[in-house]
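Working notes for the structure below.
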Amino acid sequence: VELLSMFTGEQLRDIICGNPDIDVELLRRVVEYEGYDETDTVVTFFWEVLREMTTSERKLFLQFVWARNRLPLKESDFDAPFKIQKDTKTVNENGDYPLPSASTCFFSLTLPEYPEKEVLKQKLLYAIENVTTMESDYVTNDVEVSEGWRGL
């Protein structure tokens, strides 16, 4: 009990739950690139867009790429690096770019090479605001379990 009095309520919350603010620079320090370099234009756009997002949009982004809505407090607390991978899909026949995708198990974002910052922003916001969350898997699994092998 004496140990707890060493911390403020905010410090204790951050230690136990992680920082409620999404520190973009912390995330940037733990990133690895696959197919991109940190100086590529689309990567620069990505970090600018992430910095410009509201806290709630950043939490949606983290949920999208990691199935969590908070970052650890420091670099050494990350189990794995955040990865940004180049998406090799091409532009659709109508000139539309594919949406970014993510793998929460691997804390990675697959990012198409968008030509403009505004296109990246629109596609990323659409993806994070409209993704089906991992929680919906439980609904599907419950239905499958209740159906048993009859559903096959």
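The values are calculated or read from the model by the stated rules, or taken from the named source; none is laboratory data. If you're wondering where the values come from, they're calculated on a predicted model, not measured in any experiment. Methodologically, a virtual Cβ is constructed for each residue, glycine included, from the backbone with ideal geometry; neighbour enumeration extends over all protein chains shown. Only protein heavy atoms, including side chains, enter the accessible area calculation; ligands, DNA and RNA are left aside. Shrake-Rupley method; radii C 1.70, N 1.55, O 1.52, S 1.80 Å.
Summary of computed values
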item: Criterion violated by residue 58 - all others in (1) open to solvent by less than 50 Å² (accessible area, probe 1.4 Å); (2) in contact with a Phe, Trp or Tyr (Cβ under 8 Å, 6 or more places away or on another chain); (3) of a type in the set (Lys, Arg) satisfied; result: (2)
item: Evaluation of residue 48 against (1) over 13 Å from the mean Cα position of the chain (by Cα); (2) more than 18 Å from residue 125 (Cα to Cα); (3) surrounded by 13 or more Cβ atoms within 10 Å (Cβ to Cβ); (4) charged (D, E, K, R) (one fails), failing number; result: (2)
item: Segment 39-74, residues that are part of a helix (DSSP H, G or I) and either touching a His at 6+ places or on another chain (Cβ under 9 Å) or among the β-branched types (Val, Ile, Thr) (or both); result: 41, 42, 43, 44, 49, 55, 65
item: Whichever residue in segment 79-95 is aliphatic (A, V, I, L, M) and either under 12 Å from residue 65 (Cβ atoms) or under 14 Å from the mean Cα position of the chain (by Cα) (or both) and, among such residues, is most open to solvent (accessible area, probe 1.4 Å); result: 80
item: Selection status of residue 40, open to solvent by less than 90 Å² (accessible area, probe 1.4 Å), modelled with pLDDT of 95 or more and not aromatic (Phe, Trp, Tyr); result: yes
item: Condition met for residue 98 (within 21 Å of residue 40 (Cα to Cα), open to solvent by 60 Å² or more (accessible area, probe 1.4 Å) and modelled with pLDDT of 55 or more); result: no
item: Members of segment 80-98 found to be part of a loop (DSSP other than H, G, I, E, B) and touching a residue at least 12 places away in the same chain (Cβ under 8 Å), listed by number; result: 80, 81, 87, 88, 89, 97, 98
